[in-house]
Structure formats: structure tokens, C-alpha cells
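Please treat every number below as a calculation from the coordinates, not as lab data. Remember, predicted model here, so these are calculated numbers, not experimental data. Please note: Cβ atoms are built from the backbone with ideal geometry, for glycine as well, and neighbour counts cover all protein chains shown.
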Amino acid sequence: MDQPSTNGSIWGRVPIDPQPTLESDIRAKILVIGAGGSGLAAVDEALSLGEKDIVCIDAGRIASGAAGKNGGLLLAGLADPYHTVSKFIGRERARQAYDMTEREIDRMLVETHDCVRRTGSLRIETTPPLLDDCRAHMQALIDDGFHVDRYEGPEGTGLLLPNDAVFHPVEHCKQKVAQVLQGGAMLFEHTKAREIESGRVVTSGGTIHCEHIIAAVDGKLDLLFPELKEEITPYRLQMAATEQAPLRFRRPIYWNDGYNYLQQLEDGSFAVGGGRDEHGAAEITHCDDTTEPVQDHIRGLLSELGIDQEITHRWAAVVSYTKNGLPIAREVRHKVIALGAYCGTGNVMGRILGRAAVHASLRRDFSTIDLFTKDPSS
Ligand SMILES: Cc1cc2nc3c(=O)[nH]c(=O)nc-3n(C[C@H](O)[C@H](O)[C@H](O)COP(=O)(O)OP(=O)(O)OC[C@H]3O[C@@H](n4cnc5c(N)ncnc54)[C@H](O)[C@@H]3O)c2cc1C
């Protein structure tokens, strides 16, 4: 067969209509930098609050970052397991944040039901310490009234989280793009923000004068905001997908403390990611090329699962991690909010914080941002 495509994700089969490139200076009330899931959610929220004077730019194509190159898992909660988050930020805060993420998945199901499926998800573990961690994870969720079951099945032993879901990330962005264009927002592709200061962003195509700036650039956050460099580490995450196979996994699975993850798509293809645990140092980069060592590792994960279908796609994208596991949504300069560092799980949280950034910008309401991001130890 042909060589698998590199850095064409399996989701790229759904093209999004091209948008213009900025070629002059313009004005807008709100500028959103980054047209991934988080940025598009911010645009959508601004429109729903009646704000029509809104521009969104992307350095590349829409959803060309992690939003179009991820695993498609919609998991409730923050990046760390519930009991760990609860210990760190406090039980009531953890409960509220988890509840919001569950409601966000519900919302995505309603808004774009044809590209979101409520499958539940499986956390599977094999080692005694991680199985103990699963038990603590489950107990903390039960204690706080969330739905979770112990799981024992062909995939292994662990937890079943019935409210989790999967989605087609590019189709989701495509539908959001159609909605925000219809709502009156302006989108520009191949328009890179080069300098950001309060009230003004210099881009590759012209200067945008604006009152509020929301930069939803996740993996590139430290490049746009050097003041965040100490807090953020950019990591490349890699995946591969295979030819179609008979349906075997109804639900997405993550294992090895979340380092590995797999989804079998409705057409039978497997999409699998992992390798950051073993190749972490080499994956600290802003470069999104796939590499042989990690792709070999992923091939090994497939073999361990008895999946021997040919690999058809390989891809990678860069996301940011923080040391404390909490995302960043912060007013870094007057009326400039930097958004990202979801620690590898931004499909749900990114949308919540994209919308929350609009409330912070227009209404000075930082309640949701504080809930998800405030470090209790600092
Ligand atoms: C391989 C992989 C698998 C993953 N799997 C999952 C998963 O299963 N579930 C989950 O919840 N999360 C997952 N994630 C994480 C998730 O994809 C991200 O957290 C999420 O997509 C972030 O969305 P975003 O819109 O904030 O950022 P992005 O999608 O990265 O979008 C940022 C956009 O900003 C643009 N940009 C950057 N710099 C500039 C600039 N200077 N000027 C203008 N535009 C700029 C980029 O071109 C990009 O389009 C995964 C990530 C990867 C890489």
C-alpha cells in the first residue's frame, strides 16, 4: 500500500471552506487569535451575547492546530483524575468544574449532534498502583454524586465513565465556522499575530485595532506571551490511524495513566496516540512533524492490542502543559486574555474557557476562569 500520510490526520477528510487572508488594517471590538475549538467557542459566545463586531484570525487554516489533530475524546473533568484534582483545588471547586465539563459535553451533543456520540469512556489499567488509583478515582466521583462504574471486560479492568463521548473534531469546527459566519463574525486564515499589545495586534496582513483580545493558541501560548514561558511546556503529541477493521471497541479507551488513548471510529479505523511518557524529552518542541521513535511506539501499542491493520495516517500537533495540571486563562495585559495549556485535554475545557474568556472580557466576570485556573497554592 501507499506510504501513510504524515501529518494529515484522519479527521482531515472533512474539508473546511477556505477563508480570506487579512490584507489591510481593520478595527473590531473583539479579536480572537486562534481558530481552533477554543477560539471558535469564544467567537460563538460573543455573538450570542449580541456582540457582532468580532474578528477571528488564524496563522494557518481553521482547525489546523490540535483542534483538528486530536484523538476525538470528550472527557469530563480537568486533565488529572478527579480525586487528584479534588485534593489539589478542593472538593467543592473540583465538583463544580467536573459538573461544568459534563454539561459542556451535553451541550456539544445538542449543538452538533451529528458529529458527537455519547459512548462513555473506559479508563483501563494493568499495574497494581494504577488500579489502586482507579479505585480512588471512582470513589471520589461516587462521593460527589457523579456517575461511574467499575469495569471488567474484554478491554481490561478499570472504570467506565458513561457520560463521556467522542466527536469528529474537524466536523465540529466546520459546523461552528458556518454558525459564526452566519452570525456575522469575520474569519481570516493565514493571518499570523506577530505583536500583541493592549488595543492593537500586528499581524502578517495588517494591524487590527481592537478593544478586547482573546488569544486561544494553546501550543503556541509561550511564543506569543514570553511572560508565560516559566509556567508552560509545549509538548508534541502524536497519533496514527489504521485501515478499517471489524468493530471491536464501542468506547474510547485511555490507559497507562492517560498517556495512551484509542478510539475505534464508526467506520472501523483505529485512531491511537501515546508515547509521551517514554519519549517526553524529545517531544518538548513547537515542531509538529511526526517522528519515527514515537510512531514505532504507537505501532507497538497497536500490536499489544492485537491490531495488525496497516497504518494509513500519522499526525502530530503541539499542546501546552502546566506544572500544576490546571489550564491557563489569564488577563496577561490589560484586556488581553491568554488561553490554553489544557495539558492535553482541551476538547471540552477549551470550549468552556473560550466562552468564559468572553465573559471576562465584556463583563469582567472571571468566575469560571477562576474556578478552572486558580492555583490554591500560590
Ligand atoms: C495528538 C493529540 C491528541 C489529543 N487528544 C485529545 C483528546 O482526545 N481529547 C481532548 O480533550 N484533547 C485532546 N488533545 C488536546 C486538544 O486537542 C487541545 O487541547 C485542543 O484542541 C486545544 O484547542 P485550541 O482551540 O485551544 O487550540 P488549537 O486547536 O491548537 O488552535 C490554536 C490555533 O491558533 C493558531 N495560532 C497559533 N499561533 C498563532 C498566531 N501567532 N497567530 C494566529 N493564529 C495562531 C493555530 O494555527 C491554531 O489553529 C489532543 C491533542 C493532540 C495534539
**Asked** Once both axes come from the Cα atoms, what is the angle between helix 346-363 and the longest principal axis of the chain, in degrees from 0 to 90, rounded to 10?
**Response** 30
**Complete:** The local net charge around PRO15, scoring Lys/Arg +1 and Asp/Glu -1 for residues other than PRO15 whose Cβ lies under 13 Å from its Cβ, equals 0
**Request:** With θ set to phi - 60°, apply the Karplus curve 6.51 cos²θ - 1.76 cosθ + 1.60 along the range 19-28 and write out the HN-Hα couplings as whole Hz, x wherever there is a Gly or Pro.
**Result:** 10, x, 9, 5, 10, 7, 6, 9, 10, 7
**Prompt:** Please state the Cα pair-distance histogram of the range 170-312 with 5 angstrom bins from zero: what percent is in each bin?
**Reply:** 2, 8, 13, 14, 14, 14, 13, 11, 8, 3, 1, 0
**Request:** Please list, in chain and number order, the residues 5+ apart from GLY60 or on another chain whose amide H is under 5 Å from its amide H, with Hs placed from the backbone.
**Result:** HIS190, THR191
**Prompt:** Using alpha carbons only, how many degrees (0 to 90, rounded to 10) separate the axis of helix 91-111 from the longest principal axis of the chain?
**Reply:** 80
**Request:** Normalise the Debye intensity by I(0) for the chain, one equal point scatterer per Cα, no solvent, then take log10 at q = 0.06 Å⁻¹ and round to two decimals.
**Result:** -0.21
**Message:** How big is the dipole moment of the chain about its Cα centre under a simple scheme where the beta carbon of each Lys and Arg is +1, that of each Asp and Glu is -1, and everything else is neutral? Debye, nearest 20, please.
**Reply:** 880
**Item:** Summed side-chain charge close to PHE270 - residues other than PHE270 whose Cβ falls under 14 Å, Lys, Arg +1, Asp, Glu -1
**Value:** -2
**Asked** Can you tell me the Rg and Dmax of the range 278-378, counting just the alpha carbons, in angstroms?
**Response** 18.0, 54
**Message:** I'd like to know which of SER377, VAL358, GLY71 lies farthest towards the positive end of the charge dipole of the chain, counting +1 on Cβ of Lys and Arg and -1 on Cβ of Asp and Glu.
**Reply:** VAL358
**Asked** Which one of ILE213, GLY120, THR203 is farthest out on the positive end of the charge dipole of the chain, using unit charges on Cβ (Lys, Arg +1; Asp, Glu -1) and the Cα centre as origin?
**Response** ILE213
**Fill in**
Counted neighbours (other Cβ, 10 Å), sorted fewest up, put MET138, MET100 in the order MET100, MET138
**Prompt:** What is the range 137-214's relative contact order, in percent, from Cα pairs under 8 angstrom and six or more apart in sequence?
**Reply:** 13
**Under Karplus coefficients 6.51, -1.76 and 1.60, residue-wise ³J(HN,Hα) of the range 256-267 in Hz, glycine/proline x** = 6, 6, x, 5, 10, 8, 8, 9, 9, 6, 4, 7
**Complete:** Pseudo-spin-label distance ASP106 to SER204, built 7 Å along Cα→Cβ, given in nm, is 4.2
**Low-density loop positions, GluC sites (Glu not before Pro), the range 279-311 - DSSP coil, at most 14 other Cβ in 10 Å** = GLU310
**Asked** Amide H to amide H, which residues 5 or more places from ASP164 or on other chains are under 5 Å from it, using H placed in the peptide plane?
**Response** GLY120, SER121
**Complete:** Counted neighbours (other Cβ, 10 Å), sorted fewest up, put HIS297, HIS137, HIS334 in the order HIS334, HIS297, HIS137
**Request:** Using a cut-off of 13 Å between beta-carbons, work out the net charge of the residues near PHE146 (Lys and Arg +1, Asp and Glu -1, PHE146 not included).
**Result:** -3
**Prompt:** In the structure displayed, which of LYS52/LYS87; LYS192/LYS374; LYS69/LYS323 lie more than 32 Å apart, Cα to Cα?
**Reply:** LYS52/LYS87
**Asked** Looking at the chain, what % of its DSSP beta bridges pair antiparallel, to the nearest 5?
**Response** 70
**Message:** For the chain, take the longest principal axis of its alpha carbons; what is the angle in degrees between that and the long axis of helix 292-304, to the nearest 10 within 0 to 90?
**Reply:** 40
**Request:** Using the Karplus curve 6.51 cos²θ - 1.76 cosθ + 1.60 with θ = phi - 60°, work out ³J(HN,Hα) for each residue of the range 34-44 in order, rounded to whole Hz, and write x for Gly and Pro.
**Result:** x, 9, x, x, 6, x, 5, 5, 5, 4, 4
**Prompt:** How high is the relative contact order of the chain, in percent, counting Cα pairs under 8 Å that sit 6 or more residues apart?
**Reply:** 25
**Item:** Ranked list, fewest to most other Cβ atoms within 10 Å of each Cβ, for SER38, SER48
**Value:** SER48, SER38
